[in-house]
Amino acid sequence: MKKLIAVTGAFGYIGKYITRLLLSEGEQVVTLTNKPATLSTFGDQVKAYPLDFSHIESLTGSLTGVDTLFNTYWVRFNYKDTTYERAIQNSQILFQAAKLAGVKRIIHISITNPNLESPLPYFRGKAVIEQFLKQSDFNYTIIRPTVVFGIEDILINNIAYLLRHWPVFAIPGSGNYRLQPIYVEDLARIAVQARQSSQNQVIDAVGPDILSFKALVRLIAQAVISHAWIIHVPPDLCLLLSQVVGVLLNDVLLTRDEVKGLMAELLISNQIPTAQTSIRDWLAANAETCGAAYASELHRHY
């Protein structure tokens with residue numbers, strides 16, 4: 001009899017790719033999600049339960065019988081009553097419910113370079129959750145991706161969108177700071193393969209290409225045949241410009257902490273690349289669709 005697997009956010013971005021791969025391997029999957037079932041591409045293959053952190057009993061019931069939990073839950077930035085502190089509390093409630101339900105293994109999606117002492121709450125919060133998981137009784141794998149790209153991603157897609165539709169694109173500072181993007185299908189493969197391990201492990205999920213941010217922008221511009229004027233401006237001015245564009249698009253394009261994390265080179269790894277898909281090759285193959293439509297963070301999650 002196959003062991004039951006749960007995925008948080010199977011109708012979202014990373015969770016969808018993990019779920020798709022699990023199903024292709026014949027696994028039985030349920031999801032905990034706040035998204036409507038109408039967004040599911042899995043039909044009746046995946047039973048959905050509410051990701052309701054206010055009722056640990058309900059979460060426990062939804063996870064009863066589950067052997068392995070893939071957790072993709074987190075927040076990109078503070079927005080209204082959705083905060084990093086609440087995300088930490090919610091993650092701890094989820095793990096407590098999993099323990100009560102008898103879940104044996106957790107595969108958790110984190111971020112590269114988490115740090116309990118980080119001044120950036122995204123990376124600090126991720127470190128807090130990692131510590132909580134390591135101190136639990138679970139068998140665990142912590143997977144640390146960098147920037148995740150794919151058809152539905154927000155960062156790469158929206159850079160391409162702005163390069164397609166705006167006459168000017170502003171890069172904060174020199175643009176010499178580097179990042180190491182990973183393809184979402186590669187990330188899903190790393191996560192799904194981890195379920196076979198009986199060892200506790202931490203894996204950096206990183207692609208083969210390390211690019212400066214300005215090189216990445218120019219690579220995207222070349223792929224989508226952009227005629228935008230690419231300029232370098234002080235980070236504070238870039239943030240101000242992004243806020244103006246965000247008002248026009250009714251979204252949050254960029255945050256101060258994201259700029260700081262990018263410029264601090266927190267989105268690269270000193271480990272051997274664990275993914276094979278080159279963003280150069282992917283952009284060449286997906287040039288027609290990348291950035292064709294804007295992907296709104298607020299519309300997607302709030």
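The values are calculated or read from the model by the stated rules, or taken from the named source; none is laboratory data. Predicted model only: the values in this text are computed from it and were never measured. Here Cβ is always computed from backbone atoms with ideal geometry, including for glycine, and neighbour counts include all displayed protein chains. SASA here: full protein model, heavy atoms, side chains in, ligands and nucleic acids out. Shrake-Rupley method; radii C 1.70, N 1.55, O 1.52, S 1.80 Å.
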Filtering trypsin sites (Lys or Arg not before Pro) in segment 48-87 by DSSP loop and by at most 12 other Cβ atoms within 10 Å leaves Lys80
Options Ala98, Pro167, Ile231, ranked by Cα towards positive dipole end of the chain, top entry (Cβ charges): Ala98
At q = 0.14, 0.16 Å⁻¹, what base-10 log of I(q)/I(0) does the Debye formula yield for the chain when every alpha carbon is treated as an equal point scatterer in vacuo? -1.09, -1.41
For the chain, take the longest principal axis of its alpha carbons; what is the angle in degrees between that and the long axis of helix 155-165, to the nearest 10 within 0 to 90? 30
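Set the Förster radius R0 to 25 Å, insert the Cβ-Cβ distance between Ser58 and Asn115 as r into 1/(1 + (r/R0)^6), and round the FRET efficiency to 0.05. Mind dumping the intermediate values first?
Numbers: r = 33 Å, r/R0 = 1.34.
Step by step, r from the Cβ atoms, then E = 0.15.
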Semi-axes, largest first, in whole Å: what does sqrt of 5 times each Cα gyration tensor eigenvalue give for segment 1-67? 18, 15, 9
If amide H atoms are modeled at 1.01 Å from N in the peptide plane, then the residues at a separation of 5 or more from Ile171, or on another chain, having amide H under 5 Å from its own are Ile231, His232, Val233
Which three extents, in angstrom, do the Cα atoms of segment 40-196 have along their principal axes, listed largest first? 54, 42, 35
If you average the sequence gap of Cα pairs under 8 Å that are 6 or more apart and divide by the length of segment 206-301, what percent do you get for the contact order? 47
Work out the FRET efficiency for Lys214 and Leu39 from their Cβ-Cβ distance, taking R0 = 35 Å, and round it to the nearest 0.05. 0.50
Student exercise, the chain dipole from Lys, Arg, Asp, Glu Cβ charges, in Debye to nearest 20: 200
Going by a ≥ b ≥ c, the root eigenvalues of the Cα gyration tensor, does segment 47-114 fall in the rounded group (a/c under 1.5), the prolate group (a/b larger than b/c) or the oblate group? oblate
Tell me what the chain gives for mean residue ellipticity at 222 nm when only DSSP H runs of n ≥ 4 count, each as -39,500 (n - 2.57), the sum divided by the residue total, rounded to 500 deg cm²/dmol. -12000 deg cm²/dmol
Solvent-accessible area per residue for the chain (1.4 angstrom probe, square angstrom): 47
Cβ-placed point charges (K, R +1; D, E -1), dipole of segment 226-302 about Cα centre in debye, nearest 20: 20
Cut-off 17 Å, label 7 Å out along Cα→Cβ of Val168, residues of segment 194-233 by amide N: 227-233
Sorting Thr141, Thr41, Thr255 on solvent-accessible surface, 1.4 Å probe, most exposed first, gives Thr41, Thr255, Thr141
Near-label residues of segment 93-131 by backbone N, under 19 Å of a point 7 Å along Cα→Cβ of Gln243: 121
From the residues Val30, Ser62, Tyr84, which one has its Cα farthest along the dipole of segment 19-96 in the positive direction, the dipole being from +1 and -1 charges on Cβ of Lys/Arg and Asp/Glu about the Cα centre? Tyr84
Between the Cα axis of helix 14-24 and the main Cα principal axis of the chain, the angle (0 to 90°, nearest 10) is 50
Low-density loop cleavage sites - GluC sites (Glu not before Pro) in segment 15-61, where at most 13 other Cβ are within 10 Å (DSSP): Glu25
For Tyr49, what residues show an amide H to amide H distance below 5 Å, using hydrogens built from the backbone and excluding near sequence neighbours? Thr31, Leu32, Thr33
For segment 80-207, with all protein chains present and a 1.4 Å probe, just round the carbon and sulfur fraction of the accessible area to a whole percent. 47
Report the semi-axes of the equivalent ellipsoid for segment 123-238 in whole Å, largest first, where each axis is √(5λ) for an eigenvalue λ of the Cα gyration tensor. 35, 16, 11
Within the set Pro145, Pro181, Pro121, GNM on the chain using Cα springs under 10 Å gives the largest fluctuation to Pro121
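Efficiency by 1/(1 + (r/R0)^6): what FRET value for Asn139 and Ile93, r their Cβ-Cβ distance, R0 = 25 Å, to the nearest 0.05?
0.80
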